[in-house]
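See structure below.
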Amino acid sequence: MFKKNLLLIVFSISFLFSEYTLAQQATLYGTVKSKQEIAIDGLSVEYKKIGTISDSDGQYLIKLPANIEVSIVFSHLAFQNQVHKMTLNEGEIRNLDLLFDEDVKQISEVDLVDDALRSQNVTTIDKKNLNVITGPTGGVEALISTLAGVSSKNEMSSQYSVRGGNYDENLVYVNGFEIYRPFLVRSGQQEGLSFINSDMVDNISFSAGGFEARYGDKLSSVLDIKYKDPKSWKSHLTLSFLGVNATVEGISPSKRWSHVTSYRQKDNQFLLSTLDTESDYMPRFKDFQTLNTYHFNPQVKLSVLAHYSSNTYHSVPESRQSEFGTVDKPLQLNIYFDGQEKDAYETGMGAIRFDYQIHDSLQMSLSTSLFQTLEKEFYDVEAEYWLGQLENSLGSDNFGEVVANRGVGGYLRHARNELYAQVYNAQYRGKWFNNNKTLSWGAKYQHEMIDDRLNEWQLIDSSGFSMPQGVDSLLGLFEFIESENELNSSRLSSYVQQSGRIEVDSTTFSYTLGFRTQYWSKNREFFVSPRAVISYKPNWNKDVLFRGAIGSYNQSPFYRELRDKEGVLYTDLKSQKSTHFVFSSDYNFLSWNRPFKFVGEIYYKSLRNLIPYEIDNLRLRYLPSLTSHGYTAGLDLRVNGEFVPGVESWASMSLMKSEEDIEGDGHGYIPRPTDQRFAFSLFFQDYFPGNPSYKMNLKLHYSSGLPSGAINSERHEQVFRIPAYRRVDIGFTKVIKESSQGSKSKYFKHFDSLWISAEVFNLLGIRNTISYLWVSDVVQNQYAVPNYLTSRLLNLKLQAKF
């Protein structure tokens, strides 16, 4: 009885208080316009947790507390923010019309950078989107995968392919230093953390082809990342079910020394629990990065970048059940495991760069870096499988159950693989400015040392009979590899390029002309790669730019390309060669009084002296004993802008065909392993009307299937298509506190901003196929059992800035 009376009293007091609060309200309304008297759509009007946005006519209306001083924040990405303080009487209705100046700071930092790179066939991405992108990997690579021409079919990996190329054909730079991908990784669950730390990123530039001579010698793309040079002290902490990121940045009182330092830890166990294989997964991924910059004076600075990562993957598989086949012939595979797998990837990198502004027209820099990695792949896994046929009659009492045994078998896999690699380089760069011209040059020396030890074998048994299938090895093993390789080599490379702009009668021509050279000591090959990018901006009322690029892109073998399936090195291989022909146009326009950009690109790549390869999950298996030539042709379309006022979204679509002809096999042109005919990607942001602190972002991928084939089949037989990749990730965010807003709460006064997010990975629950497990029945028919990727999963994430 006492509890009921207490509840009644509390309810009555709450009701009276709410009535009193509602009575103490006032109304503010008005119209917001630019200085050109154009109504502003989507301008945010906020006071603490109360908010609204202006409509297409620029009109807004907001209810505010009366009899107290309030500070109302008017904000929009394209205009300078305004803050107005006032005290409204109870029941007062006040009009406040405002005019806004364009946000000059934003134009200089984002739009002008984009405009400068616009003529260079480079796409820039706003780093703000890194905080909202949803997905198991997240980060820069997740954003890159939504661009036209870029494909990523494994949400557990940061690897991507571009316009028919493979993972090894992409250049990645951080502050001018080239970044290398792991050598022995076979699958996404082993990969660990990407080198690029999103919390440290300041600028993101990407080119899908036709890039300048100052970038290196790869066939497909370049991703150029610049880390921050902090101007104040800040901290950033991210917590989620997948791990933790902690970043600190700061600057000394003298303003000479600054640093940004970050520690990350990732645990994929939460994600791997959705896979078909029941296993005791123990992945542990962690890394540490720091960038320190010291300014001796305004003309001279020294930067030191250090990185260490330790990625370990331990799995004790227990069982797996997979259903596959057709409606007419449904099958089920049951596997029981014994054994374990232990993989370790330990990587370190140190880099130093010295920049000197000799005078206003001349810059020079000297840099050196050392990269080393120690990778171990150890496993002993025994498996026994039963292949059964399921009852498919809807009227049967045994519907969906195994009614016939199609085969039994097993396999035993063993590996003791170790690889140690060390890459040292030293580089000199220079840049000279003269009016509308810029001359750039550089030279680089690189030495590589690789020590590789392979020892792996596989025994496959079907229905009690060993199946060596023609492999001449011990004990009738299906596969036996034992090799010891050492590779020491040096490379010399250089580049020269000139960029300029010519204006004739308000028509602008821009150009970048240059060439690269490279020499590799192992095969004694020297090549020259000329490249040109030319753009034309006519004097039209509409902001349209046309751009053409042509260039030679030669990729000298590194190590993976030299080693065949048996571990034999082919050190006399020459560089793979590609000639890019790219024609593109982009159009900047306003729609709904908001900025948009449409980009269309058509391209053709002539490919020569290729090294054919196969893809199994993330593992690239090169066939250096073969040579091929081919082509890639396609169309990329992308539109981005403020589909919702104040936030950027984009949609991308790609059509492509990539084929090769293996010389001497007599089968003509066949699809390359990355021949993805169609792709569509969407990155979309929105917020709740009237309360922008509730946000949503969605990432959607659809891409047609890639060619595949049976184990140890001939390359021309690998034309069977994996099903299309379809995935939707969605995230919902509540902004508890934003940097531009104050807070009187004692709980949040120490935070600059505080976000909490709920993310749904694989919203539609689609089982995407990454590769196949091939098994045989009693009559030696082979079946492709899909290896599925992750299922639907809920993740919670907290982001805090101090």
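The values are calculated or read from the model by the stated rules, or taken from the named source; none is laboratory data. Remember, it's a predicted structure, so these values are computed and weren't measured experimentally. Using ideal geometry, Cβ is built from the backbone for each residue, glycine included, and neighbour counts are taken over all protein chains shown. Areas reflect the complete protein model, heavy atoms only, side chains present, ligands, DNA and RNA absent. Shrake-Rupley method; radii C 1.70, N 1.55, O 1.52, S 1.80 Å.
Does residue 397 satisfy the condition of being modelled with pLDDT under 85 and either surrounded by fewer than 17 Cβ atoms within 10 Å (Cβ to Cβ) or part of a strand (DSSP E or B) (or both)? Answer is yes for this residue. I'm checking my understanding of the structure. Among residues of the range 66-81 that are open to solvent by less than 40 Å² (accessible area, probe 1.4 Å) and either at pLDDT 85 or above or touching a Cys at 6+ places or on another chain (Cβ under 8 Å) (or both), which one is farthest from residue 98 (Cα to Cα)? By that ranking, first place goes to 66. Taking the listed residues 215, 160, 173, the one that is of a type in the set (Ser, Thr, Tyr), open to solvent by 20 Å² or more (accessible area, probe 1.4 Å) and at negative phi is 173, with no other qualifying. Among the residues making up the range 178-191, a single one is open to solvent by less than 10 Å² (accessible area, probe 1.4 Å) and either within 22 Å of residue 553 (Cα to Cα) or small (Gly, Ala, Ser) (or both): 188. In this structure, is residue 775 open to solvent by less than 70 Å² (accessible area, probe 1.4 Å), of a type outside the set (D, E, K, R), within 30 Å of residue 153 (Cα to Cα) and over 27 Å from the mean Cα position of the chain (by Cα)? Yes, satisfied.
Within the range 552-573, is there a residue that is β-branched (Val, Ile, Thr), open to solvent by 30 Å² or more (accessible area, probe 1.4 Å) and under 22 Å from residue 498 (Cα atoms)? Within the range 552-573, not a single residue is β-branched (Val, Ile, Thr), open to solvent by 30 Å² or more (accessible area, probe 1.4 Å) and under 22 Å from residue 498 (Cα atoms).
Set side by side, the residues 356, 385 differ, and just one is modelled with pLDDT under 90, assigned to a strand (DSSP E or B) and out of contact with any Pro (no Cβ under 6 Å at 6 or more places or on another chain), which is 385. Could we say that residue 615 is closer than 30 Å to residue 190 by Cα, at pLDDT 95 or above and crowded, with 16+ Cβ neighbours inside 10 Å here? No, not satisfied.
Okay, residues lined up against (1) over 25 Å from residue 535 (Cβ atoms); (2) open to solvent by 50 Å² or more (accessible area, probe 1.4 Å); (3) touching a strand residue (DSSP E or B) at 6+ places or on another chain (Cβ under 6 Å); (4) in a strand (DSSP E or B):
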position: 598; (1), (2), (3), (4): no, yes, yes, yes
position: 620; (1), (2), (3), (4): yes, no, yes, yes
position: 625; (1), (2), (3), (4): yes, yes, no, no
position: 636; (1), (2), (3), (4): no, no, yes, yes
position: 651; (1), (2), (3), (4): no, no, yes, yes
position: 655; (1), (2), (3), (4): no, yes, yes, yes
position: 664; (1), (2), (3), (4): yes, yes, no, no
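Give the residues of the range 694-719 that are under 21 Å from residue 128 (Cβ atoms) and either open to solvent by 20 Å² or more (accessible area, probe 1.4 Å) or in contact with a Pro (Cβ under 6 Å, 6 or more places away or on another chain) (or both), sorted by residue number.
694, 695, 696, 698, 700
Just the residues that are among the small types (Gly, Ala, Ser), open to solvent by 10 Å² or more (accessible area, probe 1.4 Å) and within 21 Å of residue 196 (Cβ to Cβ), please, taken from the range 218-258. Across the range 218-258, the qualifying residues are 235, 240, 243, 246.
Of everything listed in (1) within 27 Å of residue 338 (Cα to Cα); (2) open to solvent by 60 Å² or more (accessible area, probe 1.4 Å), the single unmet condition for residue 277 is (2). Exactly one residue among 346, 318, 391 is of a type in the set (D, E, K, R), touching a Leu at 6+ places or on another chain (Cβ under 9 Å) and surrounded by fewer than 19 Cβ atoms within 10 Å (Cβ to Cβ), and that residue is 346. Applying a threshold of 7 Å to beta carbon distances and a minimum spacing of six or more residues, or different chains, the list of pairs starting in the range 268-281 at a residue that is over 16 Å from residue 157 (Cβ atoms) and ending at one that is in a loop (DSSP other than H, G, I, E, B) reads 270/241; 270/242. The set of residues in the range 607-630 that are closer than 15 Å to residue 169 by Cα and of a type outside the set (Lys, Arg) comprises 607, 609, 610, 611, 612, 613, 614, 615, 618, 620, 622. Scanning the range 708-731 for residues that are of a type outside the set (Phe, Trp, Tyr) and within 30 Å of residue 793 (Cα to Cα) yields 708, 721, 722, 723, 724, 726, 727, 728, 729, 730, 731.
Whenever a residue of the range 32-55 is closer than 11 Å to residue 98 by Cα and in a strand (DSSP E or B), its partners that are open to solvent by 20 Å² or more (accessible area, probe 1.4 Å) and not aliphatic (A, V, I, L, M), lying with C-beta atoms within less than 6 angstrom and at least six residues away or across chains, give the pairs 39/33; 39/57. When you go through (1) surrounded by fewer than 19 Cβ atoms within 10 Å (Cβ to Cβ); (2) assigned to a strand (DSSP E or B) one by one for residue 799, which number turns out not to apply? Tallying (1) surrounded by fewer than 19 Cβ atoms within 10 Å (Cβ to Cβ); (2) assigned to a strand (DSSP E or B), residue 799 fails exactly one: (1). Scanning the range 196-212 for residues that are closer than 19 Å to residue 799 by Cα, open to solvent by less than 20 Å² (accessible area, probe 1.4 Å) and in contact with a Gly (Cβ under 7 Å, 6 or more places away or on another chain) turns up just one, 196. Taken as a whole, the structure places residue 609 among residues that are open to solvent by 10 Å² or more (accessible area, probe 1.4 Å), out of contact with any Gly (no Cβ under 8 Å at 6 or more places or on another chain) and not hydroxyl-bearing (Ser, Thr, Tyr). Among the residues of the range 486-531, those that are surrounded by 13 or more Cβ atoms within 10 Å (Cβ to Cβ) and among the hydrophobic types (A, V, I, L, M, F, W, C) comprise 487, 492, 496, 509, 513, 515, 520, 527. Tell me which of these residue 334 doesn't satisfy, since it passes every other one: (1) within 21 Å of the chain's Cα centre (by Cα); (2) polar (S, T, N, Q); (3) closer than 30 Å to residue 406 by Cα. Here residue 334 meets the rest and fails (1).
In the range 400-431, of all residues being under 29 Å from residue 335 (Cα atoms) and among the polar types (S, T, N, Q), the one that is least open to solvent (accessible area, probe 1.4 Å) corresponds to 417. For the range 736-753, the condition of being within 24 Å of residue 161 (Cα to Cα), in contact with a Lys or Arg (Cβ under 9 Å, 6 or more places away or on another chain) and surrounded by fewer than 19 Cβ atoms within 10 Å (Cβ to Cβ) holds for none of the residues. Tell me, which strands (runs of 3 or more DSSP E) wholly within the range 95-204 include 2 or more residues that are modelled with pLDDT of 90 or more? Qualifying strands (runs of 3 or more DSSP E): 98-100, 170-174. Could you tell me whether any residue of the range 361-382 is among the acidic types (Asp, Glu) and either more than 30 Å from residue 284 (Cα to Cα) or modelled with pLDDT under 90 (or both)? No, there is no match, as no residue in the range 361-382 is among the acidic types (Asp, Glu) and either more than 30 Å from residue 284 (Cα to Cα) or modelled with pLDDT under 90 (or both).
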